[in-house]
Every structure is written in structure tokens, then in C-alpha cells.
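The values are calculated or read from the model by the stated rules, or taken from the named source; none is laboratory data. Note that the coordinates shown come from a computational prediction; the quantities given were computed from them, not determined experimentally. Counting neighbours? That spans all protein chains shown, and the Cβs are built from the backbone with ideal geometry, glycine included. The protein model used for the area step is the full one, side chains on, heavy atoms only, and it has no ligands, DNA or RNA in it. Shrake-Rupley method; radii C 1.70, N 1.55, O 1.52, S 1.80 Å.
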Amino acid sequence: MNIDPIFKTKFINNLPHKPYCSYGKGTATLIRSKHHAIKLPLIQVNPPHLVNYLIFDIDASDAYLHYLDADLPLPTWIAKNKANGHCHVCYELKTAICKTANARLKPLRYVAAIEQSYAQKLGADVGYTGLLTKNPIDNDWEVSLLNPIPFELDELADYVDLETKPKITEKETSGLGRFCAMFDSVRFWAYKEIRAHLEDGYNIWYDQ
């Protein structure tokens, strides 16, 4: 498979410094340098603190066509399992979204809502964590590089109705939605508990 050198360079530059990677389902998850990780069929494409790509795992023989059936935009790339047709569908973000403790919650909630809506429309696996992705520069997959232009969040949101999207239960919360759900769970506890620890000093509160 001949991969566009411009895409390959950009893809490698966006990778974490030492990505998680794997030889395939059922094998160990490894941590390797970029130089070694890009040779494996499964790889971590988003750094721990950033979201550069939204990845959707579709376990269906016609997975390649799901974005068309769902009337969603042309993905950045699609990596297809040659044996069963299952795909990872990727949308690259123009501006990476931070998801550390210092992240602004509003954009994180926004991208989480978009991710959830796209997953529902695509029929993607809501249990997929997004840690390991079919490596688009690996020969194990049939890869289609479709759209070189990264997306603004508002562009992706234009294809879904975030105002009327169905409510989801805690068990159904997936992907980036888990970060928001965890924050909401912890903050209400913290608002109450901090009062009991203020007199003890910052270090005691931090440990708690």
C-alpha cells in the first residue's frame, strides 16, 4: 500500500511520543517509540492529554458505507479489516481538544456530545475506548484516505442535532463523555467535602 507521504508525516508527528500499540486483538498492549509503534497494526493516535482525532469502531460487514447512510461528512480516513469489513472511521480535528485537569469543560462537553451523536448515527461500538486504532499506515488494513481537510467542531456539529439527541444512561456513556461524567460525579462531592478540609491546609485536601 502506497501512503501519501504528506499524510504519513503529519500522522506520525501527531502521535504521542511513546504510543500504546499492539500486534492485534488478544495480544499484549505495548508502549513503544513512534519509530517502532508505527510498524504495528494497532496504535494509539491521540496523546493522553489531547483529542486530535475522533475514532469510531463499526463492527459490520458494510461498515465502510455507514457514514453515507447516516448522512455524515466525508471522514478523514477509513481503515477496513480485509477479512470481515469492520472499520475504524476517523475524523481529524482542526484544533485539538485538551482533556487534562486544566481543560475547559465547555469544549470537552461539546466534542463529547458530537462524538456520542456520531457513534449513534454510525452504529458504532459505544464500548470502544479509542485507545488503540487500526493503524492507517500499516499494510494489515485496507485504508482509504478520503479527506485531507481537518474539521472544526462546528462543522461536525452541523450534521447532527445536539439539541434533541436522546438521553443516555451512565452505562451508555462512552468515549469522551466519560470524562465529563467523571467530572460531574466528582465536583458535587468536592463542593461539599472541601468545606470540611479547608482548615487542614491545601496538601490534606489535595490528598483527599
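Quick notes
- Unique residue being under 24 Å from ASN13 (Cα atoms), in a strand (DSSP E or B) and modelled with pLDDT under 95 when the list is ILE78, ILE55, ILE97: ILE97
- Residue satisfying all of: in the range 1-32; closer than 19 Å to TYR128 by Cα and hydroxyl-bearing (Ser, Thr, Tyr); least open to solvent (accessible area, probe 1.4 Å) among these: SER22
- Every test in (1) among the β-branched types (Val, Ile, Thr); (2) closer than 21 Å to LEU93 by Cα; (3) surrounded by fewer than 16 Cβ atoms within 10 Å (Cβ to Cβ) is passed by ILE55 save one, and that test is (3).
- Against the test of being among the aromatic types (Phe, Trp, Tyr) and at pLDDT 95 or above, the options TYR128, TYR118, TYR110 yield a single qualifying residue, TYR118.
- Residue list for the range 118-138, filter: within 13 Å of GLY24 (Cα to Cα), open to solvent by less than 10 Å² (accessible area, probe 1.4 Å) and not in a loop (DSSP other than H, G, I, E, B): THR133
- Close Cβ contacts (under 9 Å, 6 or more residues apart or on different chains) running from residues in the range 136-161 that are within 18 Å of VAL45 (Cα to Cα) to residues that are in a helix (DSSP H, G or I) and open to solvent by less than 30 Å² (accessible area, probe 1.4 Å) comprise PRO136/PHE11; ILE137/PHE11.
- Contacts under 8 angstrom Cβ, first residue in the range 98-110 being closer than 17 Å to LEU54 by Cα, partner open to solvent by 90 Å² or more (accessible area, probe 1.4 Å) and at pLDDT below 80, 6 or more apart: CYS98/ARG104
- Meets criteria (surrounded by fewer than 18 Cβ atoms within 10 Å (Cβ to Cβ) and within 12 Å of the chain's Cα centre (by Cα)) for ALA112: no
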